[in-house]
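Inspection log for the structure reproduced underneath, given as structure tokens.
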Amino acid sequence: MQSLSPSEASIRAVRRYYEQNTRLFRAAGLGNRSYAVHRALWDASVTTFDAALQRVNALVLEEVQAFLEASPPVQLHLIDLGCGLGGTLAYCARALPEARMAGVTLSMTQARIARRILPRARAAVISADFHDLPCAPCFHIAVAIEAFAHSHDPQRVLEQAHTALVPGGRLIICDDVVARPPASEVEERWLAAFREGWRVPGVQPLDETIAAARRAGFALRTTRDLTGALRLHRLPRLLAGAARDLVRLAGRTHPFFQSLSGSLALQECLAHGIVAYRLMIFERLAR
């Protein structure tokens, strides 16, 4: 049997991660509220759990509305690169009734769910790879919420986003970045466990993402650290160590436990300032 290239293996791993975990995530309550499978943000404007789950979507919508006020197109076209269950698209579709929406996800399971909740007349979701987008440059907004980090080749994703956007369009990324290098072997293990467990090889320093975006033809408009709005769920040290060992052993046979192992490691990375959760807004330049 022909072996897979590293890029093919990475794409297959991410696809399998969501194909095998989506139903389990929903059974555990993730994605059942407003189809949001990203993290809840508890900033000063938020008072309920539902609002916290939607806060990232609200921040995206604020950027979209600012774009519309500055340079309104005849009809807004928005694409979600890694749309998951379609929660962000559904949120924007309700607020922007004239806009056309598109979503891309590696998971056929997620694509089927997203199609069920979105208005068919003006939203389309396909199962495809955002390293190779099958679309023309017609979009004004591209969003990637906790999806960019899944890429084994962030430069390629940024180049594809540039191709999909019209000049002056916006790329909105919300994801984890490396805030500082690990200072010990323990911290290196935490970061490696997070990347492996969540299938996020593209978690990289913010400066590297900005530099890659510049090479792809984008200019950074603004970036915002959202880490302080996250609520961390850390176990006591001894219990956390035992839980990580147990989850790591179980994770060898079940993808859900691999994800849980990544979650435990992420909590440590966030708590110790190794990883930060960032909103990044880029403008697509004309070449």
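Per residue, the convex hull spanned by the Cα atoms of region 58-119 amounts to 73 cubic angstrom. The angle separating the long axis of helix 255-271 from the principal Cα axis of greatest extent in the chain is about 90 degrees. This ranking places MET101, MET108, MET280 by how few other beta-carbon atoms lie within 10 Å of each, fewest first, which gives MET108, MET280, MET101. Under conditions of 20 °C and 1.002 mPa s, region 123-209 yields 150 µm² s⁻¹ as its translational diffusion coefficient, taking Rh as the Kirkwood radius over Cα pairs in the Stokes-Einstein equation. Taking the inverse of the mean 1/r over every pair of distinct Cα atoms in the chain gives a Kirkwood hydrodynamic radius of 19.3 Å. Seen through its C-alpha gyration tensor, with square-root eigenvalues sorted a ≥ b ≥ c, region 8-129 comes out oblate because a/c lies at 1.5 or above while a/b is not bigger than b/c. In terms of the mean number of neighbouring beta-carbon atoms within 10 Å, the peptides 169-179, 12-22 order highest first as 169-179, 12-22. Multiplying the residue separation of SER71 and ARG287 by 0.36 nm and subtracting their alpha-carbon distance yields 75.8 nm.
When peptides 49-56, 149-156 are sorted by average Cβ neighbour count within 10 Å, with the highest value leading, the order is 149-156, 49-56.
Helical runs (DSSP H, four residues minimum) scored at -39500 (n - 2.57) apiece and divided by the length of the chain put the mean residue ellipticity at 222 nm at -15000 deg cm²/dmol. The phi-based Karplus calculation (6.51 cos²θ - 1.76 cosθ + 1.60; θ = phi - 60°) puts the 3J(HN,Hα) values of region 125-138 at 10, 10, 8, 7, 9, 6, 7, 8, 6, x, 8, 8, x, 10 Hz, whole numbers, x for Gly and Pro. Using a cutoff of 8 angstrom between alpha carbon atoms and counting only pairs six or more residues apart, the relative contact order for region 146-236 works out to 40 percent.
The overall shape of region 84-171 is oblate: from the C-alpha gyration tensor, with semi-axes ordered a ≥ b ≥ c, the ratio a/c is 1.5 or greater and a/b is no larger than b/c.
Read the figures in this text as sums done on the coordinates, not as results from a lab. Predicted, not measured: the structure shown is a model, and the values here were computed from it. Note that we place each Cβ from the backbone using ideal geometry, even for glycine, and neighbour counts take in every protein chain shown.
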